[in-house]
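Each reported figure results from applying straightforward, stated rules to the coordinates on display, with no laboratory input. No experiment lies behind these values; they were computed from the predicted model shown. All Cβ positions, glycine included, derive from the backbone under ideal geometry; neighbour counts span all protein chains shown.
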Amino acid sequence: MRRRTSRLTALSLIIGTGMLAAGHGDAQEATCGDGPVKILPDDTLSRIASRCDVSEGALLAANPSIDGSGDLQVGATLRLRTAAGQGLADRLNHIGREANDAVGRIAGQVGASAQDLLDRNPDLKGRLERLGRRIGLGDGAEAPSLTLSPDHGPSGSTVTLTATGVPKDEPLLVGVGTPNTAFQVLQSARTSGKGTLDVEVKVPERQGDTRLVFVLRDGDAVKLTSKPFRIAP
């Protein structure tokens, strides 16, 4: 009798757990549905994909302007499904800008500007220029770059962001976040008539974070990320 009671208890626990799991799944599905889904602080493509039960590839296909988690803007929304009529052309349309952005990220990792990196690698520079001409991005345009000074300091200190090679006289969003996660918009700024930008921003209070990156964004036209800023007393 005791063994039968134990089995019934175990069975009831299994059924109860299953119902809770199903309820959680229903709530999760109701939260995301077919989208769009709101981007939360410190979100990544992986977290959103897990939360909404879709693949990261599906998220990228449905949102051609997003190339990685660093492009996610807190408070903005993502489509979960590819819209009708949206195809490969949308992704190819900004492949040249993706290449320039990749150069900028690599340059940041080695502590140089994108232009310095290209100057030291003329073969890479030539390939990017040829790619740009093929897809209509212009001839010999300066590669966009973003630098910051200083690269460490306490929360509340001031950082100067300097960008070159960006569109002339255009508004940009200035944001901040931890590396490879969604960024929070800090302020807006406007580039100069020469395609440059100098703007001062305050290092925000970030609980538990020791490294931040600053970003400049304007859709596909500008996607620049600084090298990491180290928060130090």
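In the structure displayed, which of Lys38/Lys168; Lys202/Lys227; Lys194/Lys223 lie more than 21 Å apart, Cα to Cα? Beyond 21 Å: Lys38/Lys168. What's the FRET efficiency of Ser149 with Ala58 using the Cβ-Cβ distance as r and R₀ = 45 Å, to the nearest 0.05? The value I calculate is 0.70. Length gained on full extension, Glu205 to Ser188: 4.2 nm, using 0.36 nm per residue less the C-alpha separation.
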